1. Residue 198 versus residue 559, label points 7 Å from Cα toward the beta carbon: distance in nm?
2. Applying a 10 Å radius around every beta-carbon, put 215-226, 281-292, 468-479, 329-340 in order of their mean neighbour count, most first.
3. List the pairs from 109/533; 85/545; 134/174 whose alpha-carbon separation is above 20 Å, in the order I gave them.
4. What is the sum of charges, Lys and Arg at +1 and Asp and Glu at -1, for the other residues whose Cβ falls under 13 Å from the Cβ of residue 488?
5. If I model a spin label as a point 7 Å beyond the Cα along the Cα-Cβ vector, how far apart are those points for residue 413 and residue 530 in nm?
6. Return the distance in nm (one decimal) between the two label points of a simple spin-label model at residue 489 and residue 75, each offset 7 Å from Cα along Cα→Cβ.
7. State the answer as a single residue: which of 236, 216, 203 lies farthest towards the positive end of the charge dipole of region 201-243, with beta carbon charges of +1 for Lys and Arg and -1 for Asp and Glu, about the Cα centre.
8. Taking a 25 Å limit on the Cα-Cα distance, which of the listed pairs 478/507; 291/312; 40/515; 166/572 fall beyond it?
Amino acid sequence: MTALKLFRSVLVVVIILISTHSSYALVQLSSEEALEKFNKLHESIEALFPQNEIKTFRRESFTEEQLKTYLSQHFKQLDLIPFIKGHHALKLNTYLHSANWFRLIGLTKESINSYKEFFRYYGVNEEQLTEAEKEAYLRMRTFGYDMLADNYAKVSYLDSAQIQHKYNIKFASKFNRISYPSSINNYGLFLYWHKNDLEAALIQFKKAFTITKKQFSQHYLLGSIRDNIADIYLEYNRIKEANTLYGENFEFYKYTINDDLQSIDIPRLVSAGSQYISTALTLNDLTEATKVFNELETILKNPIYKSKILPKSQLEILKAKELLYSKKNRFEDTYAILKEVKTLEDSLNSLIAGSEQKRLTVVNSIVLDQVKSSFKTERIERENKIKSQDLKLWIITLSSSLVLLVLLLLFLRRHKNLIIAQNKQQLAEQSKELVTINNQKLQAEIKAKKRDLSDFAINLTQNQEWAKLLAEKLEVFKKAKGRERTKLLEIFEKDIQNKIRYDHDTKDFYERLDKLSDSFYSVLHTKYPNLTKTEIHLCSLIRLKIDSHTIANFQNITLSSLNTSRYRLRKKLNLHEDDNLDEFIQFL
């Protein structure tokens, strides 16, 4: 090929690129188009899930398909937000709504991200909001800070949770609102539940109580704080003081209106009465306990309140009744009530277990769908970035290439023989390299077989432990007779079915996970060839931002075993003590 022919060929390519460049331009939605799509999605969601139903949402009241539909529509709305110009209130409401919903259905880390986005966007655009909007968002911000701290605690980021609680207290102290003592009370609950620091929690509760009683003496938060103080008194075995507070709460909830419910808070009334009865019986005050129980029953027989008694409240009443009858030596009645308590507890546990299983199924599906969407979005963005290169850059690059090709052609003609010799030498070197590569591949396959053997040994050990457990249950079953034998047989059969179902679901999940994480696995194999398949799966689950409890459930291990696995993984990844394992894997 002559230099002239080569020049003509490159020129044709340039002309084709110029003519087709417009078809490769990045497709961008206008703000008006994005807003129109957003509103249509909102109307669609509103038609399927009216706002009055969303506000009274309970996870178990929605089917799996309804949840997936709702969240799918909502994710599409979030994707449109960056294209919409202005409309700050709409964006803030969407982020806040996302955060609250993700928290409600158990997507805690997604909820954290949405709360952060809400606060980030508010900080950037606060000056563009009206005074009325700022006032409206004030309560939402204090609520959001509290929920963000609670989310951190749920995923065991306790230091972050504590920092967030302290920040919220400082923020809320600037305003004469109920949110100030509420934020102090919530910090006390954090210290009580997650830090197990009773003394520090009691200090916070008493501080919140003093402020609330002085400035908001009729607010129902007062009862909640009083109940928290009484609970700690019980922990310290200060029964008489706890009994006094529960009694005050019982009187308080009879007449105090809950602002959110716009009525008397029956569940709290039942709880306060039941706790008052229990502590009175501990103090051997049978007369007061009987009096309060009769009063509580009279209140609850009122048709206005009867429909508001939740199963949990029914259980509290039954337990209080059982304690009272036991104290009166009415053993037959006590036994009958115990049977009712057992039946109701089994029903509630079954309902909770079913709801949790449905949530896990939906969450798994959503996580995988989001991963697919994320990969697809990244791929499209990369393609669009390449296709949207400036036209002048193409012309300059191709023109420069043309000059270089002409010079190269002249150079090749002069050194043809030298190139032929070099090619022969390269062929010989490539042959040696091929042998080396084959040897390396063989070594890699041997290492992979060893890792598979290690994983197989772990699974074999777990199965042996499970078989041993079944053998022990079988021995118990052999010794049982009559109804007990039948009951043990049902439990035995259920254990086997659960094992089969778990193995099948786990296998299906990891097959889907492997398909989605192919490129990520390649990176891991390249950088860290000594990782086992189980450790690679753990990396992939962490990369999907799945919390520790869910990962432990997937791998059928305890949280302590998971923490041991994470520690071994950190060592293999050569991480320092200060390095965050989750963040490190996200940026691999």
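1. 2.1
2. 215-226, 281-292, 329-340, 468-479
3. 109/533; 85/545
4. Result for the neighbourhood of residue 488: +2.
5. In this crude spin-label approximation the distance works out to 5.9 nm.
6. 4.6
7. The one lying farthest along the dipole's positive direction is 216.
8. 478/507; 40/515; 166/572
Each value in this text was obtained by applying a stated rule to the coordinates, not by laboratory testing. It should be emphasised that the depicted structure is a prediction, and the values quoted were computed from it without experimental measurement. All Cβ positions, glycine included, derive from the backbone under ideal geometry; neighbour counts span all protein chains shown.
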